[in-house]
Structure formats: C-alpha cells, structure tokens
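Written out below as structure tokens is the structure these notes cover.
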Amino acid sequence: MDSSIARERISYVVKPDSITSSQGDFLATHVAIKRLHLVNKFDIMPTGGKDYSEEAVYKKFVLNPENRHQFLAVYGQSGTGKSHLIRWFEAKYRYDKPENEVVLFIRRSDNTLKGTIRQLLATPEVQEIANKDVFDRLVRATVNEDEQKLKGRIYHDFINEVEHDDEEHEIRLTNVKRKRLTAFLYNEVVQNHLMSSDGPIERIYSKVAEHSSVDRDTIAQFIAEDFVVTTDLFEDIHRAGADPKAEKMARKLMADDSGMADATKIANYLNQFVNDVIQRCAGIEPGDFRDIFQDIRKELYRIGKNLTLFIEDVTSFTGVDDALLDALIVEHTGMNAGENLCRISSVVGTTSNYLQNNFRDNHKDRITQYVYIPSDVFDENGIFEFVGRYLNTMSLSEAVIDSWLKNHATDDSYPVHEVKEGTEWEFVKIKGGKELCLYPFTKNSIRYLYKYGLTQGHQTPRYIIRDIIEPVVTDILVDKNNFPSIKYNIVNVNTTLSYRIHNQIKNEIQADRLLRFLSIWGNGEPDQYTQDNVVYVSSVKKTIITELGLPELTLSQVEAPVDVPKPEPQGGTASETSPSEGASNSDSLSVIPIKIQERVSKANAELSNWTNGQVIDISANVGTSGILRAAQGDMCSYLFSS
C-alpha cells in the first residue's frame, strides 16, 4: 500500500455500488467472474450444471454474432454484482461493436424513475425523436416536487384507486371490504403509520423521486406487515374516534393468523395499482416508454443501424417497467416486419425477487437467455484478487489510472503501485504474472472475515467492499499502532493461545489486541516455526507483529509446514467445472451439520469472552446460553462423581 495516496483515494475507490466509481477505477478493480449459470427457463436459484465465465457469456450472447433479436436477463440476489457485470459488458462492447451498432446504456443513477428519465432525455437518440408530446411529458416528469406534497399525492391516489376500482384486476375485494379499507386509509392514525419513514409510501416515493435516502434495492410495493395492526396501533385508532368501518377493518387486521391473511390480501390488492399511481404522480402515460423505444428503433432502421441496450437495473423503471418490457420484447421480423423497427439486443439486470414477482409470465417466456449470478461468485483466489485489486487501485493516483484507461486498459499494461507499506506481507498473483500486495490483510484474515464477518446472504462483492475492505483499511490508516482496533468476535478461539498471551503480556488491552490479530490474521495456533530464516508466530511473520507495535510473544516451537501443491483440474478449465466436481476433499468429508458448527462457534466465542473477564450468561435453557449451562452441569456432575 501507499498510504499517502490511499488516504485521498479510498473514498473514491471503495464504493459498494459500481455506478458511482469512475470508469478507470471500475475497470482497475474488476475481477473476472467465472461462475455464471445459463438457464433457459426462470429458476430463482439454479444449481448444478456448468459454470460459465463472463468472457464466454460476452462472446456468445452480448457480442451477438448471429445478429438476432434477443433479451438477456442478468439476475441474482442483491449485492452479487449484476450492475458491475452489465457495466463491464457495456464497456467491453463499446470497443468491439460493429460500425452500424448504436449502444444505449441506462445506469442505475439513483435508481429512481425521475433519475432514469433524466438520463434518457440526455441521450441524442431520445432528443431526436419525432414524438414531441412524449418528450415534453418526460421533461415535465423530471421537475422536482416538494417531498411531502408528492408523498401525499401518492397516498391519496391509492385511496382514489380503491374508491373507484373497476374490478378489472385479478385480486378483488367485496364492496363492503373496499368501503372499510377506504375508511381505514382515510384514518389519520393509519395515514401517519403508513407514511412513516420505514413505511410503504416512503418505499414507493423512493423509487419515483431523485435524491431519496432509501436503499437502491428497495422494491416499490406494499407488504403484509404494513397492514398488521398491533394492540398499540389499534388503541391509538380507537382513541382517535375512528369511523366504525375503519375500526372494523382494524379489528380484522389484528396480529393473529387471520389478521396476517387479510393483511397479505390487502397488500397484494393495493400492489395492483402501483404502476398506475406512479405514472399519474410522475405525469406520464403508460405507453410513453413504449413509444420512445419504438421511435428510436424506427429512426435507427431508417438510417440502417441496430440497437444494443444495457440496463443496469430494471427497477429504475418502476411504474413503467411493464411498458418498457413490452417495447423490448417486440421483434423486428415476422409479423412486425412492416413496422420498420431495427434489431434490438437487450441486456437487463434485476434481482431474483423482482424478476419472480414483477415480471409477467409472458415477459418471462420471451426472455432469450437467463444469466444467473450466484452469491458465491468468486472462488477463494478470486476473493483474494478482489481485495488485492481494490487495495492496489486506491494506492494509485487518478492520473495513473486515467493513463491506463486511455491506453485501452489492457491486462498486460495493468498498473501495480509501488509498495510503501506491506513489503513483508502477503501478495496475490493475477493475470499477466503480476502480484498485488494484500496489506493490511493476510489471506487468513480474508478467509476469516469472509466466513465469520459477513452474515448469511451477505457473502457477496458489495458486502466484501462495505464490511471487510473499507473498515479494515480505514482502521490501519487512522491508527496503525492500535491496529486492529475493531472488536471482532473471535470464533473458535484457541484457549491455549489465549492463555499463553495473557500469561506473558500483562497489559490486557495489548494482550487482547494480539490475540485478535493472531486469531484472525494468523491461524490461531499456539505455536511458532522458522522457515527460510524467517520466524512465524501463529503463521504470521514476526517482523509484521513488530511492525504493528504488537508485544513480543514466545510460543511452542514446531516444524515448518510443508506446502502441498494443489492438483490442476482435469478435463478443462476451472470455469467449466461443475460445482460438484470442483468440491474440495474437506467439503466432501465434512459430516457435521452447519447449524451445529455455528452453535459450537457461538459457544466458543462466549468462552473466549469469559477468559477475558466477562461473565457468562447461563440463565436460559436454550440457545448458546443453554449449551453452556448444560456443559457446566456436565462438568459439575463429572467432578462430583470422581
């Protein structure tokens, strides 16, 4: 690392969303994805089959060598790197595209409808469309409106939809229930509840208005929990002198089994009106986006060009996504040949949940290819490279990155910073025989923080950046002499190591710091060895321990480990190996269920805290407390019986 540069660059480089980084930083931190799944029919979490590299998917589909109409849906859970992959596809395609191809890229921006419309209006293709009525409506739709006024309009538009329901939607309520629901929504207590900062109106507003503060992955819809009436909420409604119809609805929604069923139905019922409400509040008509893309395609057909469209996140079009998808699935051949539309190739990103619940079946059936990104998108070395590229990029000046970008950002010319801090630390090899310094990480620490520092479902690129890279780098930049200062829970602490550290080091703060470092950055073993005249303590070079100002420690001397090279995969590259074929021996031999391992780990963590002077809670009969209570009972029984 070069901390003098990293201090200035970390806030520009370490960003969980690809949308906010510069093109140079984006490409410099990009790690090739080799675990993509191709499926022909939607499956929310496909398993088995081949793994495909991003390069293979790019050549086969994005390059579109057969020049055919196609619609690619790139999906996966939040944070897996869908936007990143689509941005990489787009950047690469701009270099390789044919002369007669026009590329249109819709970024996530702030992932709101107004932000997306503003992007479209800035493109020459939209500015030149002949349909000025549509263009003018879109211009008006980008005008900012007072936040509270817009939220109020959204709320009362839903009431209007309920009052004037024409019963043409799939989910219907009886006339009596609609009147009760209307009275319920008009109630001031209910309105304040639904318009709270974590309520449904805020979620819907966040997908319409620019500069809102809600998570970009929020889906603009109601959920059952929005309408479950707690005892406190009911009492507030009753005390306010509610309309009898509103009070009857509130009683039906009390938090029991039938209340949850009614709440689910009401949420699903109101979700049918979301698109209409958003369009009305934005001042646009349902067919505007369909007309825009139809006009673009007609104009490109007239001048002999085709269109490739990249959309980082289709939820940016919340409220008009149906009309957008209608426009993208229309082919230029067959029965549509007379429309004089150019060929369109679309690459669209979305979350698994949104694709499952918000795409109509006829849209799913017309998708040419599904590209699924699993949460474990990188293998172990890929995670090391991912961390290494971020550390390298933040240690390079913006001028160096820009120069690399201007020279086509090739792997061969990839710049590697001059290591000022971390020469004794570990490195990771990348393409082209180059090596990236992992300071302030070791490979053990990356493994540990990935496994134990990220919660289940969050072991994705976004959270590696947010919860591993950023806090650890910030920690050492702020105060190297107190690193690591973050109070990580040590899972499966080696009690012998803990005893020896606290026995030799009387300063409890420094002892805890050393235990934390050797348990996470090292292998947590209570031994040391010498290899090539270098002393390793718990597998960490002693010079690194001294460099960080950690106290001296003497452990049991053991033989240096012998590195056993891993066998090369047989019958093809790793990217073509199925998950079952690529499984390690340790995985195949593991017979202890994950849940039991996690329970033991939590119990060990409590014991580690106990060795550091904390009191163990054994008041309960279940959970971690119950395990420790039972262990105490077993030990007492054993001692009394001997």
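The values are calculated or read from the model by the stated rules, or taken from the named source; none is laboratory data. The structure presented is a predicted model; accordingly, all values stated were derived computationally and were not measured. Here the Cβ positions follow ideal geometry from the backbone for every residue, glycine too, while neighbour counts run over all protein chains shown. Each accessible area value is taken on the protein alone, full model and side chains, heavy atoms only, with ligands, DNA and RNA left out. Shrake-Rupley method; radii C 1.70, N 1.55, O 1.52, S 1.80 Å.
Take the residues in the stretch 402-416 that are outside any helix (DSSP H, G or I) and of a type in the set (A, V, I, L, M, F, W, C), then tell me which one is modelled with the lowest pLDDT.
409
Kindly check whether there is at least one residue in the stretch 473-486 that is free of Cβ contacts under 8 Å to residues at least 24 places away in the same chain, closer than 21 Å to residue 419 by Cα and open to solvent by 60 Å² or more (accessible area, probe 1.4 Å).
yes
Filter the stretch 183-204 for residues that are closer than 18 Å to residue 238 by Cβ and in a helix (DSSP H, G or I) and give the result.
183, 184, 185, 186, 188, 189, 190, 191, 192, 193, 194
In the stretch 393-416, is there at least one residue being buried (at least 17 other Cβ atoms within 10 Å of the Cβ) and within 24 Å of the chain's Cα centre (by Cα)?
yes
Can you give me the number of residues within the stretch 417-465 that are among the hydrophobic types (A, V, I, L, M, F, W, C) and under 20 Å from the mean Cα position of the chain (by Cα)?
Total meeting the criteria: 5.
Within the stretch 237-251, how many residues turn out to be open to solvent by less than 60 Å² (accessible area, probe 1.4 Å) and touching a residue at least 24 places away in the same chain (Cβ under 8 Å)?
Here the count works out to 5.
Within the stretch 493-518, track down each residue that is farther than 17 Å from residue 548 by Cβ and among the aliphatic types (A, V, I, L, M).
Matches in the stretch 493-518: 493, 497.
Considering only the stretch 252-275, I want to know if a residue exists there that is buried (at least 19 other Cβ atoms within 10 Å of the Cβ), at pLDDT 90 or above and aromatic (Phe, Trp, Tyr).
yes
On the given criteria, is residue 300 part of a helix (DSSP H, G or I) and under 22 Å from residue 97 (Cα atoms)?
Yes; evaluated as a whole, the condition is true for this residue.
Within the stretch 356-386, track down each residue that is open to solvent by 40 Å² or more (accessible area, probe 1.4 Å) and either basic (Lys, Arg) or assigned to a helix (DSSP H, G or I) (or both).
Answer for the stretch 356-386, where residues must be open to solvent by 40 Å² or more (accessible area, probe 1.4 Å) and either basic (Lys, Arg) or assigned to a helix (DSSP H, G or I) (or both): 356, 357, 358, 360, 361, 362, 365, 366, 380, 381.
Taking residue 338, is it open to solvent by 10 Å² or more (accessible area, probe 1.4 Å), in a helix (DSSP H, G or I) and more than 30 Å from residue 172 (Cβ to Cβ)?
Taking the combined requirement at face value, the residue satisfies it.
On the basis of being closer than 20 Å to residue 363 by Cα, out of contact with any Gly (no Cβ under 6 Å at 6 or more places or on another chain), surrounded by fewer than 21 Cβ atoms within 10 Å (Cβ to Cβ) and charged (D, E, K, R), does residue 280 make the cut?
Answer is no for this residue.
Which pairs do you get when a residue that is within 17 Å of residue 271 (Cβ to Cβ) and of a type outside the set (S, T, N, Q), found in the stretch 349-371, comes within reach of a residue that is open to solvent by 20 Å² or more (accessible area, probe 1.4 Å) and not in a helix (DSSP H, G or I), reach meaning Cβ atoms under 9 angstrom, with the pair 6+ apart or on two chains?
Every condition considered, the pairs that remain are 354/217; 354/219; 355/42; 355/44; 359/42.
If we keep just the residues of the stretch 148-171 that are in contact (Cβ under 8 Å) with a residue 24 or more places away in the chain and open to solvent by 80 Å² or more (accessible area, probe 1.4 Å), which is farthest from residue 272 (Cα to Cα)?
153
Output the helices (runs of 4 or more DSSP H) that fall wholly within the stretch 1-83 and possess 3 or more residues being open to solvent by 60 Å² or more (accessible area, probe 1.4 Å), or say none.
In the stretch 1-83, 3-13 are the helices (runs of 4 or more DSSP H) which contain 3 or more residues that are open to solvent by 60 Å² or more (accessible area, probe 1.4 Å).
Inspect the stretch 305-327 for any residue being in contact (Cβ under 8 Å) with a residue 60 or more places away in the chain, surrounded by fewer than 18 Cβ atoms within 10 Å (Cβ to Cβ) and farther than 18 Å from residue 105 by Cβ and give the result as yes or no.
Looking for residues that are in contact (Cβ under 8 Å) with a residue 60 or more places away in the chain, surrounded by fewer than 18 Cβ atoms within 10 Å (Cβ to Cβ) and farther than 18 Å from residue 105 by Cβ, one finds none in the stretch 305-327, hence no.
Out of all the residues in the stretch 515-526, which are over 16 Å from residue 476 (Cβ atoms) and of a type outside the set (Asp, Glu)?
Listed by number, the residues that qualify are 515, 518, 519, 522, 523, 524, 526.
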